[in-house]
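To start, the structure under review is shown below, and the notes come after it.
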Amino acid sequence: KIWKTADEIKGEKVEKGFLDAILRIIKKREEKIASRESDGFGNNFLGLLAQAYLEENRSKRITIDDLVDECKTFYLAGQETTSYMLTWTLFLLAIHTDWQEEVKKE
């Protein structure tokens, strides 16, 4: 294939931007460890993935592609969950006008 479509070009830019953002975050955490500001990558999801990515034992190490894919999955799953929760909340408020008053008071 000689030419790429506009969607393919845009998709590649988004993919590269996502990868660059994750690598910057990991690099910052590495710098904090090196300067003794922190004693680890953190106990959150990205910290655990970063530890697995930088694991000394090659059999336990994950690739950068695996790390990025896991981050995408986690992000998208959170987006869907939040979206559904907000939709359901608005639906319930629409059918229960007495609840709307309580929400307005809060």
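The values are calculated or read from the model by the stated rules, or taken from the named source; none is laboratory data. Here the structure is a predicted model, which is why all the values come from computation and not from measurement. With ligands, DNA and RNA removed, areas are computed over all heavy atoms of the protein, side chains included. Shrake-Rupley method; radii C 1.70, N 1.55, O 1.52, S 1.80 Å.
Quick notes on this one:
- The residues in region 10-33 that are among the aliphatic types (A, V, I, L, M) and under 14 Å from L54 (Cα atoms) can be counted, and the count is 5.
- Tally of residues being open to solvent by 80 Å² or more (accessible area, probe 1.4 Å) and aromatic (F, W, Y) across region 1-22: 1
- Residue, farthest from C71 (Cα to Cα), within region 1-54, restricted to residues that are at pLDDT 85 or above and outside any helix (DSSP H, G or I): W3
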